[in-house]
């Protein structure tokens, strides 16, 4: 079956379950005080777009774009269920987010990810993101890795 990607309202039971699974996974890798999760309620706020990847109607991955200013957006909540990893869904999701950011006129994308997420690093780096120091108001921490991508001059 073909994977579909679309923007959706995160306030759906199935999306809540997916995000809860993501949060539980992240807490096995990062101490809670260094986990910077958006809740589904925060994901539903104006200025944030959420994408859901589905297979046969079942949510298998998510990702979000949070606008911070007229020029800076942040990639958030990137997750693919384990049984679907390695099939390019995260790469496609990130491509959708980058395209939407460009269409929205954003000039720069940033993100924070954990220090124990090499698969995520590979996706970001292949998409042209480069490591940088702390972004936005995130603290400098050994548990965080920060990335930046310039979209326009």
Take the residues in the range 82-98 that are over 14 Å from the mean Cα position of the chain (by Cα) and assigned to a helix (DSSP H, G or I), then tell me which one is farthest from residue 64 (Cα to Cα). 83
Would you pick out the residues in the range 105-135 that are touching a residue at least 60 places away in the same chain (Cβ under 8 Å) and either within 27 Å of residue 6 (Cα to Cα) or under 13 Å from the mean Cα position of the chain (by Cα) (or both)? 112, 114, 117
Restricting attention to the range 25-39, does a residue exist that is modelled with pLDDT of 95 or more and not in a loop (DSSP other than H, G, I, E, B)? no
Taking the range 85-111 on its own, how many of its residues are closer than 20 Å to residue 20 by Cβ and crowded, with 17+ Cβ neighbours inside 10 Å? 3
I'm trying to understand the selection: among the residues of the range 28-38, which are exposed (fewer than 13 other Cβ atoms within 10 Å of the Cβ) and under 16 Å from the mean Cα position of the chain (by Cα)? none
Failed condition for residue 114, given (1) at pLDDT 95 or above; (2) in contact with a strand residue (DSSP E or B) (Cβ under 8 Å, 6 or more places away or on another chain); (3) within 23 Å of residue 53 (Cβ to Cβ): (1)
Please tell me if residue 30 is under 21 Å from residue 111 (Cβ atoms) and in contact with a helix residue (DSSP H, G or I) (Cβ under 9 Å, 6 or more places away or on another chain). no
Scan the range 48-58 and tell me whether some residue there is assigned to a strand (DSSP E or B) and surrounded by fewer than 14 Cβ atoms within 10 Å (Cβ to Cβ). yes
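Would you check if residue 102 is part of a strand (DSSP E or B) and touching a residue at least 12 places away in the same chain (Cβ under 8 Å)?
Details: part of a strand (DSSP E or B): no; touching a residue at least 12 places away in the same chain (Cβ under 8 Å): yes.
For residue 102, the condition - part of a strand (DSSP E or B) and touching a residue at least 12 places away in the same chain (Cβ under 8 Å) - is not met.
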Would you point out the residue of the range 136-153, among those that are within 16 Å of the chain's Cα centre (by Cα) and part of a loop (DSSP other than H, G, I, E, B), that is surrounded by the fewest Cβ atoms within 10 Å (Cβ to Cβ)? 136
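The values are calculated or read from the model by the stated rules, or taken from the named source; none is laboratory data. Computed from a predicted model, the values in this text were never measured in an experiment. Neighbour counts are summed over all protein chains in view; Cβ atoms, including those assigned to glycine, are modelled from backbone coordinates with ideal geometry.
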